[in-house]
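A.B. asks: One structure coming up, written as structure tokens, with questions to follow.
The values are calculated or read from the model by the stated rules, or taken from the named source; none is laboratory data. Since this is a predicted model, take the numbers as computed values, not measurements. As a convention, Cβ positions derive from the backbone with ideal geometry for all residues, glycine included, and neighbour counts pool all protein chains shown. Please note that ligands, DNA and RNA were not included when accessible areas were found on the heavy atoms of the full protein model with its side chains. Shrake-Rupley method; radii C 1.70, N 1.55, O 1.52, S 1.80 Å.
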Amino acid sequence: MVKKIFCAAVLLISASGNLLAQLTGRVTDDKGPVPYAGVSLLLAGDSSVVGGSATDDNGNFVIPTPVAGTYILRITAMPYLGQYSKPFTVTGSHFKNEFGVFSLKQDTRVLGEVTVKALRPSVIMRSDKLIIPVEGTALAAGGTAFEVLERSPGVSADNDGNLKLNGKPGVRVLIDGRASFLSGKELQAMLESMPAQNIKSIEVITNPSAKYEAAGSSGILNIRLKQNTSSGMNGSTYAGYQYNAASGYSAGASINLKKGKWNSYVNADMAQRPRMREGVMIREFHSQTANSRFHQLRDEKMTVGTPSLRAGTDYDLNGKHTIGAFINLSYSDTDRSFLSTTQLDDRTRNELNSIRAGNYYRAWNRSGAYNVHYSWFPNTTGTNFTANIDYIQLDNQTRARYENSYATAGTARNELLRTENPGYYDIISANADLVTKIRRHVTFETGIKGSRVVSGNKLNFYTVSTDSETLDPLRTNNYRYTENILAGYVNIQAKFNRTWIIQAGLRGEKTLGTGEPLMGGSTVKKSYFDLFPSIFLTQDISRDYQVTYNYSRRIDRPNYRSLNPFIFYQDPYSWAEGNPGLRPQYSNLYQISQTLKKTYILTLGYTLTNDSFAEVPEQNTDDNTTVYQERNIDKAENYSATLIVPVRISRSWEATNTVVGGLEKNKIFFQDNEIINDQVFTTLQSAHNIALPYSLQLQATASYSSPSTFGIYRFKEQWWLDAGLKRTVWNKKLDLTLGVTDIFRTRDIRGDASYNGNVFNFVNYFMMRGARLNVRYNFRSGDAFKSKHRKTVLDEVSRAGG
């Protein structure tokens, strides 16, 4: 089936291509481009607003072509006089027009002797998502994609780097509409190695429609990378230094070229980022036959080197067709040491054991993502067709050495263990999507997708003596997992009148999975088909007040590593195990979103998740060991309210305040007991953007997180403050940025997973306090051009390696 889909997509690509119909132009003043100017699309008859956009950092704007009619463009920006275009007539969806340059004049009645500096909006509201501009902000320079995501309204992270949205786990991370490569701790590491310098914006989608993958029980975070916006050649180079108790650096360059029908880009980045952790873990084992205490001090140091290369091109065949391709190549070299000192006081046996453990890792990861795409906009109202073929290959190799020293009652012994852990993922996917208007106010969407994933993982575990090493068959394994998914969807959006808009969709996904132990054991087969309905009902109560009622059903499949029945060694008394019997989790999302004056948003939501994923640390009183395993808990409920309040404090000071509150309820059946883990939670964030004298821009973000839960874990409150200062000089070509994170060193993570009379407490600090200095040089030439936007989503790669 997948081969048929692959061949069909190839034929489609060879048959045709696309050019997006749109209204484009540029806004400038006497000094250069004007960013963040408002461009409104007005009906010529009554001047009512029917659409619009805002200019980007280069003053360019793009507005999708509206339905047939006569319109006017209105350009507004402080402190300039407004400007209007001449009336123009749109004849159909194929209509496009380049308006050229709108040159704004300063409004002397407003200015007088006061200099007003334009501020970029911290949050841009859209009907289906929030957009958080990142490009050019002070805190983005020298930072990482993970830090940018954490600063997005309603987003937080737990102890293992799992992202939450409005207090709910199950976030799907996309990059330019495509799923990211990893999940869990691996996803965090990848995002921490991705430079924020290359990010244009973050899109927060809390309740996706049926056209998106059904994965992501709490919503989607889509990272939009910078795109080529000018003809001719343009680009930038940057270099930065960071210090967070260890030194690191980042550097890179990007070149964009638009010439004739070609639009191409190349981005190259190199970074070496230190990651460190210090912590304490306390575990107590209590039963009729056990009474012991485990106290461990931890010290982790890790350095990750991450060169990467992105390159792509689009070619406009004619006025209707576009074809293109891109490649993303990355490599990481990780050097990690994890040192621990443990005191194990076994009062039942009257033994006091001291264990010093040194875990030394060297890991290499290579990834390559290859895409060819095609799009077509025929001469019919509102119709477009897109197709994509993707191939992703991930290879990794980890070599580890474990040095353990035991001291008990005057005796001592040493132990040396070694592992080799190669793995790979091969993913191929093809999808096609069609959008068309079947009536003036009725839009129909449909699409199909097929994918095949083959993942393999091998673990060789050795016990090393003075002159030889012995393979341990009980801790050695070789496992392969194959998964095929075939999906299709339909989605209809209709506007009944000026008050009501409805969007309803249905997505179906068939999953076939096979887990094969290649060294003996039972084969695990999975086969299931699911339907995922979604409905959105929007009510325009007035021009200043809208309400949207949403419902959707979603799924999260286990990532591939969680299905692997390996034993992942941590220390002599701790390890993790895979779970081949792990089932997917299903969520029902209910949401009411209210928007006031297109500025303030209040969202009320409820999510019920059955078979929810949760890591459970099982404490064994017989031998004082702890085994970590991801399991399906009975159910998880989340009640949430999210309030977003942007405030213009002055002409040069803007703040965006986000408040999230709610109730988390988790029910877990474990060791013949029912464990209830409930918590009322609150998160607060206040992001400030201040224009200072001497062309300085100050950005500061203060955050607070109350006590919260995740599965069986409970986390204590924390707060932190980040700030950045930016100055642009040399005719806006050179950006100088200084950033400081976790200024007061308050982002330590304190957690508890105690149950059934046993104790499990921990404190971790990941050395978040640091300083960064960054320099960026920008060069550009040519006129405005908007590269084609490709909407493709690959859920499979987000589960690889997690």
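A.B. asks: List the relative contact order of the chain as a percent without decimals, with contacts defined as Cα pairs under 8 Å and 6+ residues apart.
C.D. replies: 13
A.B. asks: Cα axis of helix 2-15 to longest principal axis of the chain: angle in degrees, 0 to 90, nearest 10?
C.D. replies: 20
A.B. asks: Same structure, new question: Taking a cut-off of 17 Å between Cα atoms, list the aspartates and glutamates near LYS211, but don't count ones fewer than 8 places away on the same chain.
C.D. replies: Partners found: ASP128, ASP176, GLU203, ASP433, GLU445, GLU509, ASP530, ASP556, ASP795, GLU796.
A.B. asks: Under unit Cβ charges (Lys, Arg +1; Asp, Glu -1), what dipole magnitude, rounded to 20 debye, does the chain have relative to its Cα centre?
C.D. replies: 2860
A.B. asks: While we're on this one: Exceeding 27 Å between C-alpha atoms, which entries from my cross-link table qualify? They are LYS458/LYS635; LYS226/LYS458; LYS259/LYS320.
C.D. replies: LYS458/LYS635; LYS226/LYS458
A.B. asks: Three principal axis extents, largest first, for the C-alpha atoms of the range 441-504, in Å?
C.D. replies: That works out to 82, 23, 15 Å along the principal axes.
A.B. asks: For ASN478, project a label point 7 Å along Cα to C-beta. Then give me every residue of the range 527-570 with its amide nitrogen under 18 Å of that point.
C.D. replies: Residues passing the 18 Å test: 564-567.
A.B. asks: Now for a different question. Please compute the length gained on full extension between LEU773 and PHE670, using 0.36 nm multiplied by the number of residues separating them and subtracting their Cα-Cα distance.
C.D. replies: Separation in residues times 0.36 nm, less the Cα-Cα distance, equals 32.2 nm.
A.B. asks: For a Förster distance of 35 Å, can you work out the FRET efficiency between the beta-carbons of VAL647 and ILE438, rounded to the nearest 0.05?
C.D. replies: Efficiency for this residue pair is about 0.25.
A.B. asks: Reachable aspartates and glutamates from LYS105, Cα under 18 Å, same-chain residues fewer than 8 places away excluded?
C.D. replies: Those aspartates and glutamates meeting the cut-off are ASP29, ASP30, GLU113.
A.B. asks: What fraction, in whole percent, of alpha-carbon pairs in the range 552-659 exceed 15 Å separation?
C.D. replies: Beyond 15 Å sits 74 percent of the P(r) for the range 552-659.
A.B. asks: Further, regarding this structure: Please return the longest stretch of the chain lacking exposed loop sites, where chymotrypsin sites (Phe, Trp or Tyr not before Pro) count only if DSSP places them in a loop and at most 10 other Cβ atoms lie within 10 Å.
C.D. replies: 1-495
A.B. asks: For VAL490 paired with GLU717, estimate the spin-label separation in nm (one decimal), with each label point 7 Å from Cα along the Cα-to-Cβ line.
C.D. replies: It is 5.2 nm.
A.B. asks: Between ALA253 and ARG366, take the C-beta separation as r, use R0 = 30 Å, and let me know the FRET efficiency to the nearest 0.05.
C.D. replies: In this case the efficiency is close to 0.90.
A.B. asks: Based on the Cβ-Cβ distance from VAL740 to LEU604, what FRET efficiency comes out when R0 is 22 Å, to the nearest 0.05?
C.D. replies: For VAL740 and LEU604, the calculated efficiency is 0.05.
A.B. asks: Of all accessible surface on the chain at a 1.4 Å probe, what whole percent is carbon and sulfur?
C.D. replies: 56
A.B. asks: Using Cα atoms only, what is the angle between the long axis of helix 184-193 and the major principal axis of the chain, expressed in degrees (0 to 90) to the nearest 10?
C.D. replies: The helix 184-193 is inclined about 50 degrees to the chain.
A.B. asks: May I ask you to list the trypsin sites (Lys or Arg not before Pro) in the range 393-501 that are in a DSSP loop and have at most 16 other Cβ atoms within 10 Å of their Cβ?
C.D. replies: Filter output for the range 393-501: ARG440, ARG498.
A.B. asks: With semi-axes √(5λ) of the Cα gyration tensor in Å as the read-out, I listed (i) 47, 30, 26; (ii) 95, 29, 28; (iii) 47, 39, 23; which label goes with the value calculated from this structure?
C.D. replies: Computed from these coordinates, semi-axes √(5λ) of the Cα gyration tensor in Å corresponds to label (i).
A.B. asks: Can you tally the net charge around TYR265? Count Lys and Arg as +1, Asp and Glu as -1, for every other residue whose Cβ sits under 11 Å from the Cβ of TYR265.
C.D. replies: Net charge around TYR265: +2.
A.B. asks: Which of LYS96/LYS495; LYS168/LYS733; LYS96/LYS726; LYS164/LYS301 have a Cα-Cα distance over 30 Å?
C.D. replies: LYS168/LYS733; LYS96/LYS726
A.B. asks: Here is a further query. Which of the trypsin sites (Lys or Arg not before Pro) found in the range 557-607 are in a DSSP loop and have at most 14 neighbouring Cβ atoms, other than their own, within 10 Å?
C.D. replies: The qualifying sites are LYS597, LYS598.
A.B. asks: Taking only protein heavy atoms into account and a 1.4 Å probe, give the accessible area per residue of the chain in Å².
C.D. replies: It amounts to 44 Å² per residue over the chain.
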